[in-house]
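The values are calculated or read from the model by the stated rules, or taken from the named source; none is laboratory data. Here the structure is a predicted model, which means the values were calculated and not measured. We place every Cβ from the backbone using ideal geometry, glycine too, and count neighbours over all the protein chains shown.
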Amino acid sequence: MIRKFLVLILAFLCMSGTIIAQSPWRKGEMQVIVPIEQPAINDFARLVSGLGINSERAGDFIRCYITPDEANALEEAGIDFRTEIADLNAWSAMFGTSGVPSGYYTVEELNEIADSLALHFPDICTIHSLGTATGFYQLLAMKISDNSSIDENEAEVMFDGGIHGDEVGGPENMIRFARDLCLQYGSDPLITNLVDSREIWIYYCVNPYGRSNMTRYNGNGVDINRDCGYMWNNEGNSPSAFSQPETKAYRKLLTENQFVIHCSYHSGTEYISYPWSYRADHSPDHAIHDNLASLYADYSGYSGIPYGQGFTGMYAINGSTKDFGYGALGSISWSVEISVDKQPPASQIGTYYLKNKPSMLKMVEYAGYGICGTVTDSVTGEALPANIFIDNLFPVTSDPVYGDYHKFLLPGNYNIRIVASGYETRTITGVAISAMLATEINIALSPVEDNRFARRLISCQIPNNNFNDEGNTPAALGPPDNQRYSIGRNGYVIIDLGDTLTDGTGPEVIVFENDVTPEGYLLYAGQTLDGPWVLMGTGTGNAEFDLLETMLPSARYLKIKDDGDGQSQVADAGFDLDAIEGIMHLPPVDSTGFITGIIYSVELQTPVQGATVVCGNRIAISDEHGGFIIEADTGSVEICGEFPQLFMYDCDTVAVTPGDTLFHDLYLRVQEGIHAMTAEKESFIVFPNPADNFTNITPYGNHKILNCSVFNLSGQVQQCGLAFPGNHTLNINTSALTPGVYFIRILTDEHPETFKLLIQR
């Protein structure tokens with residue numbers, strides 16, 4: 001199925017009366033090569049940072065994407081460069097409407113292949129929509145597993161491609177891998193075992209607009225590999241962290257799953273790049289990244305493909321997918337550059353895929369090694385969302401639904417600390433991990449309190465990458481422990497508490513700095529990952545905050561921003577976050593419940609609309625079906641129904657339970673003197689009844705009709721028709737009345753009477 005919303009696109013573009021074509025690249029943008037071996041290379045690094053130039057290391061040169069103004073800045077700095085593509089917009093137009101070189105799949109064809117796999121292999125392949133990209137393309141990912149429609153206690157692995165749309169090899173690699181997993185399931189023992197024991201996600205085209213228009217950018221001109229939230233720093237035209245629909249979808253997929261390994265595929269060089277990309281320091285999991293990268297290289301078809309930390313081995317960037325996947329979520333996350341050419345001849349794409357396939361299968365296999373288990377409540381046995389800290393490595397989280405966790409570890413002995421809000425913290429020492437095995441450690445935690453601490457960090461910034469700050473974001477998670485994360489001068493961090501706070505009596509948030517030199521900050525609350533952020537207040541060091549200040553009834557996400565007071569390029573610049581606590585207010589004891597039911601007429605055997613229901617000092621009115629719902633105090637209460645014009649009231653005594661809803665019907669009887677009339681009565685003849693457009697009322701004897709009124713079941717007075725007071729017979733025009741039950745009240749010179757009239761058509 002082709003998922004392009006052409007009508008919506010045209011409607012959107014034609015709102016102003018004209019269609020405006022958007023260039024996929026910036027105006028005048030060109031692709032250039034900057035040799036690394038030149039005297040001014042240090043000045044180049046400074047310019048890249050200051051101007052926000054998109055660049056990437058490829059062997060002994062750096063490939064850059066620059067505008068004429070940026071080119072002038074390089075020339076003025078004495079930096080040598082060679083132009084590869086002089087006009088990227090003109091170059092991208094060469095590929096026509098499909099946007100890809102002949103022989104490569106279009107976005108539509110990629111989607112059709114994915115649909116076909118899901119159609120023919122429904123037991124092991126499902127398609128998940130992650131949202132809509134710029135250009136109105138759908139963002140789609142495949143999940144391949146033995147029970148792909150459900151989540152299981154299995155290690156999860158993610159592969160993605162095409163985040164830079166002009167790097168066409170990634171999506172081609174992804175769709176071929178998905179096809180082989182499906183087609184070879186049941187015949188290839190290795191693939192069958194991996195599909196049965198793992199959950200494999202394939203996000204085959206992260207940037208469909210870029211792919212269709214042969215540009216690294218999305219439809220808003222943003223490099224979405226600079227738009228992710230971990231150590232975001234305003235690069236690649238990104239206005240803010242997770243500003244684009246593509247990166248929001250990316251975040252959704254990564255945060256809703258617990259990926260052990262995450263591989264993102266690019267082209268433009270041949271290199272395996274792992275965190276950090278934003279700083280030179282080794283990550284706490286550097287040895288694990290290096291080991292798996294070495295494994296990937298060894299099993300690949302490349303001859304000595306290099307690998308290493310992104311910052312030093314390739315180029316420095318902020319807001320990358322790999323830093324987010326690892327830094328915020330604990331995945332072993334990296335990027336694999338599979339070809340020197342961004343658009344190699346289509347005849348070679350199969351060769352590049354076959355070079356990577358064995359290594360991709362190895363990553364799926366190794367995701368199940370190391371340590372695994374479940375975290376549960378010791379009382380109820382229910383799964384718990386917990387953080388699992390293993391020595392000084394970045395933590396992983398357990399699945400909130402199934403409680404399972406997985407982390408690849410190198411052989412050795414480890415200490416494990418399990419932290420879950422509202423539960424005891426457990427530490428297990430001396431856990432032995434063997435090569436190519438999974439050590440299972442199941443943990444049951446006892447509940448101890450109602451308060452909640454930060455469960456996950458979503459996004460953060462240390463402006464200007466102050467390398468004197470350690471960037472230890474896990475220090476902000478869990479209860480206070482005197483381990484602090486310095487957010488830098490004017491920096492910020494966004495925290496997910498995991499539970500929703502509700503406004504109650506007293507403070508809802510406590511911020512802990514626990515620093516001998518406390519610093520100032522601003523605290524904001526939000527109900528979504530992206531805000532909007534409402535100021536709760538300002539603080540210095542440890543401080544309490546009340547949701548009442550925001551006028552928000554509830555919040556789950558908190559943003560702390562340094563107040564900008566102090567030096568920027570010093571150790572522990574800005575506010576140092578130890579922990580953040582959310583106070584869960586117990587709801588007040590519920591002293592009320594509800595009564596619901598239907599009010600019926602005993603004689604008419606129909607529901608009564610417009611009747612009044614009274615319970616204590618509370619009132620409700622029955623609807624067109626006679627139904628009502630009314631709040632009631634708990635205990636033994638009296639409930640009454642009344643309709644003064646036509647019926648006698650009815651009261652019952654019932655028992656109401658706190659917080660529950662009691663079902664109880666009321667039955668009203670017609671008042672004395674009101675007859676449930678058929679065709680004839682003692683005092684009057686009503687004919688025809690049922691009526692269509694008219695009916696006649698004739699009194700017996702010499703009685704004269706003085707007045708009449710017509711009521712519907714809600715008690716509303718209707719037009720009586722042609723009434724001639726003093727006449728012997730009354731003709732009533734009923735043509736304007738809707739079909740149903742009515743009551744006619746007649747006043748004669750002797751006494752009033754009320755009759756039922758049925759209108760049928």
Response to the item:
Checked Val401, Val396 against criteria (hydrophobic (A, V, I, L, M, F, W, C), surrounded by fewer than 19 Cβ atoms within 10 Å (Cβ to Cβ) and either under 20 Å from Ala454 (Cα atoms) or modelled with pLDDT under 95 (or both)); the one match is Val401
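From the list Leu523, Leu497, Leu552, Leu529, pick out the single residue that is out of contact with any Pro (no Cβ under 9 Å at 6 or more places or on another chain), at pLDDT below 95, surrounded by 16 or more Cβ atoms within 10 Å (Cβ to Cβ) and closer than 24 Å to Asn234 by Cα.
Going through Leu523, Leu497, Leu552, Leu529 in turn, just one is out of contact with any Pro (no Cβ under 9 Å at 6 or more places or on another chain), at pLDDT below 95, surrounded by 16 or more Cβ atoms within 10 Å (Cβ to Cβ) and closer than 24 Å to Asn234 by Cα: Leu529.
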Item to complete: Of the conditions (1) in a helix (DSSP H, G or I); (2) at pLDDT 95 or above, Phe242 clears all except one; give me its number.
Response: (1)
Discussion item. Only one of Ala287, Ala280, Ala316 is among the small types (Gly, Ala, Ser) and modelled with pLDDT of 95 or more. Can you tell me which?
Written reply: Ala287
Worksheet item: Could you count how many residues in segment 167-184 are in contact with a Phe, Trp or Tyr (Cβ under 9 Å, 6 or more places away or on another chain) and part of a loop (DSSP other than H, G, I, E, B)?
Response: 2
Worksheet entry | Criterion violated by Asp450 - all others in (1) in a strand (DSSP E or B); (2) exposed (fewer than 15 other Cβ atoms within 10 Å of the Cβ) satisfied | (1)
Discussion item. When you scan segment 437-447, do you find a residue that is outside the structural domain of Leu295 (by TED's automatic domain parsing), within 27 Å of Leu254 (Cβ to Cβ), surrounded by 15 or more Cβ atoms within 10 Å (Cβ to Cβ) and charged (D, E, K, R), even just one?
Written reply: no
Practice prompt. Within segment 170-197, count every residue that is under 18 Å from Leu139 (Cα atoms) and in contact with a His (Cβ under 9 Å, 6 or more places away or on another chain).
Written response: 1
Response to the item:
If you go through Glu624, Glu642, the only one that is surrounded by fewer than 15 Cβ atoms within 10 Å (Cβ to Cβ) and farther than 30 Å from Asp563 by Cβ is Glu624
Fill in: Selected residue (criterion: nearest to Thr606 (Cα to Cα)) from residues of segment 621-664 that are of a type in the set (A, V, I, L, M, F, W, C), assigned to a strand (DSSP E or B) and in contact (Cβ under 8 Å) with a residue 60 or more places away in the chain
Phe663
Worksheet item: What pairs come up if the first residue lies in segment 423-443 and is in contact (Cβ under 8 Å) with a residue 24 or more places away in the chain, the second is among the polar types (S, T, N, Q) and surrounded by 15 or more Cβ atoms within 10 Å (Cβ to Cβ), and their beta carbons are under 8 Å apart, counting only those six or more places apart or on different chains?
Response: Val431/Thr439; Ile433/Thr439; Asn442/Thr374; Asn442/Thr376; Ile443/Thr374; Ile443/Thr376
Worksheet, complete the sentence: Here the residues within segment 224-250 that are surrounded by fewer than 24 Cβ atoms within 10 Å (Cβ to Cβ) and among the hydroxyl-bearing types (Ser, Thr, Tyr) are Ser240, Ser243
Practice prompt. With the checklist (1) crowded, with 22+ Cβ neighbours inside 10 Å; (2) part of a strand (DSSP E or B) in hand, flag the one item Ile428 doesn't pass.
Written response: (1)
Worksheet item: Within segment 600-612, can you find the residues that are more than 44 Å from the chain's Cα centre (by Cα), of a type outside the set (Gly, Ala, Ser) and at negative phi?
Response: Tyr600, Val602, Glu603, Leu604, Thr606, Pro607, Val608, Thr612
Practice prompt. Would you mind finding the one in Phe121, Phe44 that is assigned by TED's automatic domain parsing to the domain that holds Met174 and out of contact with any Pro (no Cβ under 8 Å at 6 or more places or on another chain)?
Written response: Phe121
Discussion item. Looking at the structure I just gave you, is Thr596 surrounded by fewer than 16 Cβ atoms within 10 Å (Cβ to Cβ) and either under 37 Å from the mean Cα position of the chain (by Cα) or under 30 Å from Thr538 (Cβ atoms) (or both)?
Written reply: yes
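Being surrounded by fewer than 14 Cβ atoms within 10 Å (Cβ to Cβ) and closer than 13 Å to Asp562 by Cα is the filter here; which residues of segment 532-544 pass it? Break it down into steps so the answer makes sense when it comes.
Pass one, segment 532-544, residues surrounded by fewer than 14 Cβ atoms within 10 Å (Cβ to Cβ): 532, 538.
Thr538, the sole residue that qualifies.
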Discussion item. Within segment 384-402, take every residue that is in a strand (DSSP E or B) and of a type outside the set (S, T, N, Q) and give me the one that is farthest from Ser421 (Cα to Cα).
Written reply: Ile390
Response to the item:
Within segment 474-494, the count of residues that are closer than 19 Å to Leu522 by Cα and crowded, with 22+ Cβ neighbours inside 10 Å comes to 11
